[in-house]
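Below you'll find the structure, written out as structure tokens, and then a few comments.
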Amino acid sequence: MSDAMTAPPPLSGKTALVTGAASGIGRGIALELAAAGAAVAIADLNGDGAHAVAESIVQAGGRALGVAMDVTDEAAVRDGVAATREALGPVDILVSNAGIQIVHPIESFPFADWKRMLAIHLDGAFLTTQAVLPDMYAAGADGQPRGGTVIYMGSVHSHQASPLKSAYVTAKHGLMGLSRTLAKEGGPKGVRSHVVCPGFVRTPLVDRQIPEQAQTLGISEAEVVSRVMLGQTVDGVFTTIEDVARCVRFLAEFPTAALTGQSLIVSHGWHMG
């Protein structure tokens, strides 16, 4: 029997925590990491949804745990990571994916919505990172830090801006700074960090934006799709959940710090960097 036939899955023995994973991109990432052999904690504000995704992984022969988690609540994050550690082992991979979208012009952007956007995207990324770093910095069997990979879900808007999205653009730019700082601090301890930056992915979150932007911009919903969302791509095609999940898996599997502090843009050429 060949080595290829007997080799374990590439993430076998690893534990991943994915936030916002009860649906959409997060769910796709969790399923992809599980397929690569990782034990996966499905963290989401929707606890029932998180448990359902975890159960689907278990039914397919994997290891998974559903965790109800508000990523803006320090105690909830700490408790969720502790539950993950107890059930699945120390966290090796964090995918900070939880996020929402709210669109308004700057002059009429409600401050409460601004604070909520930044709390979920930035506070959530910070709190979950802080909670898993003790696992990654801890000494392994060889006495060296265990290391790990932290992947933040950014956006093409981590690199550029669009009207009506001041809070979202600010948050996604902020993730770049957090990731690069973690790459510097964590590098000597074997921790790598990245930002995956999708273009428009046809999820319920994006579907809700279409009528909102049509009304605000005074154009049709078809024009929102063709001009605003896909007009700058090379082929007029939406990025898929599977596209994003494969890129996350690639970064989670990459074995060295030759790749760290990077942003990987997955956008059908909408932004090239």
Fill in the blank from the handout: Mean Cβ-within-10 Å packing, highest first, puts peptides 21-28, 102-109, 85-92 in the order 21-28, 85-92, 102-109
Problem - Of all DSSP beta bridges in the chain, antiparallel share, percent nearest 5 - result: 5
Practice task
May I ask you to list the lysines whose Cα is less than 18 Å away from that of K189, ignoring any residue fewer than eight positions away on the same chain?
Solution key: K14
Handout entry: Cα-based helix-to-principal-axis angle, 166-186 vs the chain, degrees rounded to 10
Key = 20
Exercise for the section: Tell me which residues come under 5 Å, amide H to amide H, from V266 once H is placed; ignore anything under 5 positions away on its chain. Expected result: C197, G199
Practice task
Over all alpha-carbon pairs in the range 1-82, figure out the percentage whose distance exceeds 18 Å.
Solution key: 40
Completion exercise
Taking protein heavy atoms only, a 1.4 Å probe, and rounding to whole percent, the accessible area of the chain owed to carbon and sulfur comes out at 54
Practice task
Would you mind computing the Rg to Rh ratio of the chain from its alpha-carbon coordinates, Kirkwood style for Rh?
Solution key: 0.98
Handout entry: In degrees, nearest ten, helix 204-217 long axis to first principal axis of the chain (Cα)
Key = 20
Practice task
Could you rank K14, K165 by how accessible they are, 1.4 Å probe, largest area first?
Solution key: K14, K165
Handout entry: Cα long-axis angle, helix 24-35 against the chain (0 to 90 degrees, to the nearest 10)
Key = 20
Handout entry: Percent of alpha-carbon pairs separated by more than 21 Å within the range 62-172
Key = 45
Practice task
For K172, go through the lysines and keep the ones whose alpha-carbon is under 20 Å away, minus same-chain ones fewer than eight residues off.
Solution key: K115, K184
Handout entry: Amide proton proximity set for V150, modelled H, under 5 Å, gap of 5+
Key = L94, R192, S193, H194
Completion exercise
For the range 189-273, listing trypsin sites (Lys or Arg not before Pro) in a DSSP loop whose Cβ sees at most 16 other Cβ atoms within 10 Å gives R202
Problem - Separation between Cα centres of the range 11-25 and the range 175-201, rounded to whole Å - result: 17
Problem - Mean Cα-pair separation over length for the range 63-144, i.e. relative contact order, pairs under 8 Å, 6 or more apart, % - result: 37
Exercise for the section: With a 1.4 Å probe and all protein chains in place, put C197, C247 in order of accessible area, largest first. Expected result: C247, C197
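Treat the range 81-139 as a sphere of radius equal to its Kirkwood radius over Cα pairs and apply Stokes-Einstein at 10 °C in a medium of 1.306 mPa s; give the translational diffusion coefficient in µm²/s, rounded to a whole number. Show your work: numbers first, answer last.
Working: Rh = 13.4 Å.
Rounded to a whole number, D works out at 119 µm²/s.
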Fill in the blank from the handout: The ratio Rg/Rh over the Cα atoms of the range 140-208, Rh being the Kirkwood inverse mean 1/r radius, stands at 1.14
Handout entry: Gap separating the Cα centres of the range 114-140 and the range 233-273, nearest whole Å
Key = 21
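The values are calculated or read from the model by the stated rules, or taken from the named source; none is laboratory data. As the structure is a computational prediction, the values presented were derived from the model and not from experiment. Here the Cβ is made from the backbone with ideal geometry for all residues, glycine too, and neighbour counts use every protein chain on show. Just so you know, the surface numbers come from the protein's heavy atoms only, side chains and all, with ligands and any DNA or RNA stripped out. Shrake-Rupley method; radii C 1.70, N 1.55, O 1.52, S 1.80 Å.
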